[in-house]
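The values are calculated or read from the model by the stated rules, or taken from the named source; none is laboratory data. Model, not experiment: these values are computed from the prediction. Note that we place each Cβ from the backbone using ideal geometry, even for glycine, and neighbour counts take in every protein chain shown. In case anyone asks, the SASA skips ligands and DNA or RNA and just uses the protein heavy atoms, side chains included. Shrake-Rupley method; radii C 1.70, N 1.55, O 1.52, S 1.80 Å.
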Amino acid sequence: WIDTLNMSAQTLEDATDLMTILTKKSIKQRNVGGHLEVSFAHEDVTDRALMMRVAVRVLRDLRLSDHLAVVVCHGDKEHDHFHVNVCLVHPETGNLWSVGHPKRTIEASLRALERDEGLRETPGHLHH
């Protein structure tokens, strides 16, 4: 399945077109798109609503909640997972997103989500 955040696009092609138009506001910048993959433990019971809650919260914690994003879930692995492609250019200001230590922010967000949603805690690369 595919879902979008902060845009009315109904297809992946429309979402890509919108993000491309927006990134032209920040043409001098490189790396105007971000990608995140979130995986769940094999025993976790997931559905679209849970995955969207996780995506929205991680983007919020990264201070990307106002940015255009596409969430894609597909069954190419044995465990449930989804991908988020997010436009790092703010849709209103045209400013490029910047945050220190995004990997730490993501992992802290995911640990909190695992506790809040009753999911199995899965240590990340930076987990201590």
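Listed by first and then second residue, the pairs with beta-carbon distance under 7 Å, at least 6 apart or on different chains, first residue in region 111-128 and more than 19 Å from VAL56 (Cα to Cα), second at pLDDT below 95 and of a type in the set (S, T, N, Q), form an empty list.
Please enumerate the residues belonging to region 5-15 that are open to solvent by 70 Å² or more (accessible area, probe 1.4 Å) and out of contact with any helix residue (DSSP H, G or I) (no Cβ under 9 Å at 6 or more places or on another chain). Result: ASN6, GLN10, LEU12, GLU13, ASP14.
As a summary of the residue check, THR23 satisfies the conditions (1) without any contact (Cβ under 8 Å) to a residue 60 or more places away in the chain; (2) not in a strand (DSSP E or B) except for the one numbered (1).
From LEU64, LEU50, LEU68, LEU88, grab the single residue that is over 11 Å from GLY34 (Cα atoms) and of a type in the set (A, V, I, L, M). Explain how you work it out, then say what you get.
Values: LEU64 fails: over 11 Å from GLY34 (Cα atoms); LEU68 fails: over 11 Å from GLY34 (Cα atoms); LEU88 fails: over 11 Å from GLY34 (Cα atoms).
Criteria check complete, one pass: LEU50.
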